[in-house]
1. Among strands (runs of 3 or more DSSP E) lying entirely in segment 192-279, which contain 3 or more residues that are over 15 Å from THR139 (Cα atoms)?
2. Considering segment 45-69 alone, what residues qualify as being acidic (Asp, Glu) and either touching a residue at least 60 places away in the same chain (Cβ under 8 Å) or assigned to a loop (DSSP other than H, G, I, E, B) (or both)?
3. Does segment 100-112 contain any residue that is loosely packed, with under 14 Cβ neighbours inside 10 Å and touching an Asp or Glu at 6+ places or on another chain (Cβ under 8 Å)?
4. I'm trying to understand the selection: among the residues of segment 90-112, which are part of a loop (DSSP other than H, G, I, E, B) and under 17 Å from TYR73 (Cα atoms)?
5. Kindly provide the set of residues from segment 183-215 that are closer than 14 Å to GLY250 by Cβ, among the aromatic types (Phe, Trp, Tyr) and out of contact with any His (no Cβ under 7 Å at 6 or more places or on another chain), ordered by number.
6. Here's a check for you: in segment 20-44, which residue that is of a type in the set (D, E, K, R) and part of a helix (DSSP H, G or I) is surrounded by the most Cβ atoms within 10 Å (Cβ to Cβ)?
7. Output the residue which, of all residues in segment 127-143 that are touching a strand residue (DSSP E or B) at 6+ places or on another chain (Cβ under 6 Å) and of a type in the set (A, V, I, L, M, F, W, C), is nearest to ILE244 (Cα to Cα).
8. What tally of residues in segment 121-133 results from selecting those that are surrounded by fewer than 21 Cβ atoms within 10 Å (Cβ to Cβ) and part of a loop (DSSP other than H, G, I, E, B)?
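Each reported figure results from applying straightforward, stated rules to the coordinates on display, with no laboratory input. Please read all numbers here as calculations on a predicted model, not as lab measurements. Using ideal geometry, Cβ is built from the backbone for each residue, glycine included, and neighbour counts are taken over all protein chains shown.
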Amino acid sequence: MEYRLHQNGWTVLVDDFDLTKATQDNINTIARWLATNTLVFFKNQQLDVDEELRLIEMFKDAEAWAEYGTDAYENECVPNTRGLIARVTGEKNKNGETGLAGHKEEMVWHANRPWQKDRRSLIWLYGVKGTSGSVTTWTNNILAYEKLPVEEQEFLKTLKIVPRGGLEHDTKDVKDIYTTDAYHNVVQTNIAGKVGLFFPWLQIDSFVGMTREESLPILEKYGKYITKPEFCYDHYWEDGDLSIAEQWLGIHKRHYFNEIKSRLLHRAAFDFPDQDYTL
C-alpha cells in the first residue's frame, strides 16, 4: 500500500489501493499514519455497507451514533449497520427526515463529541454519492502547536475545556453547557506521542476556573490561529473518496453546499487499534 503526501507536507493521500482487499496489517499501517499525520484520504473506493462495516470493525471500539429505538437512530443511521454508520445528507429518508448536517449552510468548525469523556479518536467519512463540488477543510493542530512560542505552549498546558452542548453557529445560538466531567486538556499527547491542541473552540463554553467572558478572547485568538491556511487542508470531494481523520489534534468544517439534498456521506467513529505506535 503506497501513499504520497500532499504539498502541505502532512496529509496522506492514497490513490491506488482497493480497500476491499485490506487486511488487518493494512489497517494498522493506516492507523500509524493517522497517529503521526492526522488525516488520510483514499480515492476511487467502491464500498458497500457490509464492506464498510468490515473495515470499521478492524479498528477498535466502533461507536453507535444513536441509541436503538430513538428517532435519531431511525432517521440518522444507515439501516442494518447497528447504528455504527450514520448518514450525513440533506436527502430525506422514508420518514421525510434528513440525516446529519442536512443544511446547505456551512457546517462550522467542530470535532467529534468533545463533551464525551470516552470520545472516539477517529472519524470515517465515505463519499457515497452527490459529493462533487463540496469542500471540507481539516486542520493539523500538531503543526499549529509546534509553531507557537514556548510561553504560549506553556500557558495552553494549564487549560481544560468546559464543552458546550452543541455548535455555536453565531452569538444568538447559545447552547446549554453539558453536565459532564469531560474537562479535556487543551494540550494533548496522542497515542504516538505527538503533542498538539485539542481546540474545537465553537464547541467550548469556557475553560475550567474561568468565566465565559474571560475565556472568549482565548477562544477567538486560538480559533483564528489554528485555522490559518498554513495549518489547513481543503478537500474537493468526488464520489468514492474516503477520509479518516484524527479527532484530538485536528478539527474540520464543511463549506456551504447548495446541493446538499443530493450529497450522501457515511460517517463512523472508532479508536486506534491496539499495536505499537512507536515504529
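1. Here the list reads 204-207, 264-271.
2. The answer is ASP48, GLU52, GLU57, ASP61, GLU63, GLU67.
3. For segment 100-112, residues loosely packed, with under 14 Cβ neighbours inside 10 Å and touching an Asp or Glu at 6+ places or on another chain (Cβ under 8 Å): absent.
4. Once the filter is applied, which keeps residues that are part of a loop (DSSP other than H, G, I, E, B) and under 17 Å from TYR73 (Cα atoms), segment 90-112 yields GLY90, GLU91, LYS92, ASN93, LYS94, ASN95, GLY96, GLU97, THR98, GLY99, ALA101, GLY102.
5. PHE199, TRP201
6. ARG32
7. Looking at the filtered set, the residue picked out is TRP138.
8. 3
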